[in-house]
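Questions regarding the structure given below will be posed in turn.
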Amino acid sequence: MVSRAASALILALTAALVPPPAAAQDWIDFGDDAGRWALDDECDDPRFYGRGMYGSILDDHRGHDATDCRAGYEGGQLQMRSDIINFGSDSGRMAQDGVCDDLRFEGETMRKMLFADHIGNDGSDCRKAWDAGEVALRIDNIVFGEDSGDGANDGECADARFQGPGMARPLPRGREGRDATDCRAAYLAGTIEPSVREGLYDVAVVSVFDGIDFGDNSSVRSQDGVCDDPRFAGAEMRPEDDMSPEDKLRDASDCASAYIAGRITLASD
């Protein structure tokens with residue numbers, strides 16, 4: 001078994017060469033060891049809970065017991081309290097159905113097909129699943145890139161592939177994939193979301209479900225809440241006289257969401 005010190009050295013050397021795959025602890029600011037009870041092998045930071053915590057919550061140790069809390073978190077004895085995560089609202093079309101649809105999370109109870117327009121829009125379901133220990137944060141399917149941009153590590157995401165209140169204003173161009181740390185933190189906090197798919201995901205988020213290939217979101221009318229794929233029929237379809245054969249297999253998010261919710265079916269059915 002590799003020792004903790006050796007593991008830390010390996011990670012440090014890896015980080016010096018290439019950006020390592022992001023893990024949950026990469027976005028947690030553990031703080032420093034300035035607390036009175038730091039470095040005593042017990043976590044005193046009230047942002048965490050679990051085995052390895054000090055018996056009393058010490059508000060003045062928030063962010064000031066980094067080494068103890070990091071050890072407990074990475075060792076699996078501690079979890080972050082849910083109030084640290086911005087779960088978002090319940091404005092998604094499939095919110096409050098008992099299943100987390102936000103692709104910032106992963107777990108066995110998650111929806112099997114996830115879409116970018118559900119980020120931050122299924123708050124209650126995902127918070128409940130998080131509190132039950134059924135889901136964990138995931139960011140391994142997003143290609144954030146590196147920190148080679150001029151404005152990297154300034155607390156604002158300057159990558160035009162994202163959108164939202166956590167973005168830099170004005171948004172500079174030409175920095176796609178060059179502000180990874182800022183964009184990763186804002187994405188997990190729910191203050192930004194993907195604005196385009198191409199080049200952003202290193203695995204397919206939209207795929208085959210229930211034996212149906214929903215295709216991609218390449219239609220100019222995709223992700224507008226209405227299915228434009230003429231293979232389907234139902235209440236959440238574009239009016240027939242406004243349909244285009246060119247939208248076949250090109251409106252995956254809208255059509256898959258409506259299909260899973262039972263609001264459309266394959267026309268052949």
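No value in this document is a laboratory result; all are computed from the given coordinates. Please read these numbers as outputs of a predicted model, since none were measured by experiment. Please note: Cβ atoms are built from the backbone with ideal geometry, for glycine as well, and neighbour counts cover all protein chains shown.
Using 0.36 nm per residue of separation minus the Cα-Cα distance, give me the extension gain between Arg62 and Arg221 in nm, one decimal.
Full extension of this stretch gives 52.6 nm more.
Right, next: So for Val135, Val226, fewest C-beta neighbours within 10 Å to most, what's the order?
Going from sparsest to densest Cβ surroundings: Val226, Val135.
Quick one: length gained pulling Leu249 to Gln77 fully straight, 0.36 nm per residue minus the C-alpha distance?
On the way: separation 172, 0.36 × 172 = 61.92 nm, distance 4.54 nm.
So the extension gain works out to 57.4 nm.
By the scheme Lys and Arg +1, Asp and Glu -1, what is the net charge of all other residues having a beta-carbon under 10 Å from that of Gly215?
That sum, taken over residues with Cβ under 10 Å, equals -2.
How do Arg70, Arg81 line up, fewest other C-beta atoms within 10 Å first?
Fewest to most other Cβ atoms nearby, the residues stand as Arg81, Arg70.
Using the count of nearby Cβ atoms within 10 Å as a rough guide to exposure, how do Ser148, Ser253 rank from fewest to most?
Ser148, Ser253
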